[in-house]
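*Asks:* Quick one: structure below, then a few questions.
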Amino acid sequence: MERMRTESPPPPRAVVGVDGSRSSEHALRWALDWARARGGLVEAVHVVDTTAGLSYAMNAVPFEHYTSAVRRSLARTVARAAAGRTDVPCALTIDNGRPAAVLIRHARGADLLVVGDRGRRPVVGALLGSVGRACVFHAPCPVVVVPYPRPAAVSGRGPEIGDAVR
């Protein structure tokens, strides 16, 4: 008689949009805490917005050099955010395209998509950036928009798991 093999389910996975802003680093810390609490893993995704007129093209910098610099910057951001959370596996991904579309694509099969409430765009007065808004409406999994503490609204605590979940 043949034994049935039972495969254990894959660990929970959170995809996080990381653009170098404080808000995205805060969202990454939140996702690392979420993954740690569940024995999961995190995929930190940095999107090179190919629609925004890239400086590497304008300055004739080879794309490989540009992505190499982005990878180093992403690794430093993850290292800062992961301080004290080194037990959580974190994959670094660099992709190009429209940020919301890329994050939504990477979120397929994920348990959670995490974004900061605002990124690097100049419209800083918005409560939810255009990337976060698109993710909330179109992602194939639950989305957490992690609010970045503002001086006027600092409550002494950071966002907790369950805050701002769609």
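The values are calculated or read from the model by the stated rules, or taken from the named source; none is laboratory data. Computed from a predicted model, the values in this text were never measured in an experiment. Note that each Cβ is placed from the backbone with ideal geometry, even for glycine, and that neighbours are counted across all protein chains shown. SASA here: full protein model, heavy atoms, side chains in, ligands and nucleic acids out. Shrake-Rupley method; radii C 1.70, N 1.55, O 1.52, S 1.80 Å.
*Asks:* Please list 3J(HN,Hα) in residue order for the stretch 64-81, calculated via the Karplus relation 6.51 cos²θ - 1.76 cosθ + 1.60 where θ = phi - 60°; whole Hz, with x for glycine and proline.
*Replies:* Along the stretch 64-81, the couplings run 4, 5, 5, 5, 5, 5, 5, 4, 5, 5, 5, 4, 5, 4, 5, 4, 5, 5 Hz.
*Asks:* Less than 12 Å Cβ to Cβ from residue 111, Lys/Arg counted +1 and Asp/Glu -1: what total charge do the surrounding residues give?
*Replies:* Local net charge: +2.
*Asks:* Still on this model: Arrange the residues 87, 95, 111 by how much accessible surface each exposes, largest first, with a 1.4 angstrom probe.
*Replies:* If we order 87, 95, 111 from most to least accessible, we get 87, 111, 95.
*Asks:* Determine ³J(HN,Hα), in whole Hz, for all residues of the stretch 31-45 in sequence, where each value follows from phi through the Karplus function 6.51 cos²θ - 1.76 cosθ + 1.60 and θ = phi - 60°; x replaces Gly and Pro.
*Replies:* My calculation for the stretch 31-45 gives 5, 5, 5, 4, 5, 4, 5, 10, x, x, 9, 10, 10, 8, 10 Hz in order.
*Asks:* If 106, 65 are ordered by their accessible area, calculated over protein heavy atoms with a 1.4 Å probe, which sequence runs from highest to lowest?
*Replies:* I get 65, 106, largest accessible area first.
*Asks:* Want the number for residue 79 to residue 98: 0.36 nm per residue separation, take away the alpha-carbon distance, what's left?
*Replies:* 4.3 nm
*Asks:* Provide the net charge surrounding residue 80, with neighbours chosen by a C-beta distance below 14 Å and charges set as Lys +1, Arg +1, Asp -1, Glu -1.
*Replies:* That works out to +4.
*Asks:* At R0 = 35 Å, how high is the FRET efficiency between residue 38 and residue 69 if r is their beta carbon distance? Nearest 0.05 is fine.
*Replies:* 0.60
*Asks:* Applying a 10 Å radius around every beta-carbon, put 22-31, 5-14 in order of their mean neighbour count, most first.
*Replies:* The most tightly packed comes first, giving 22-31, 5-14.
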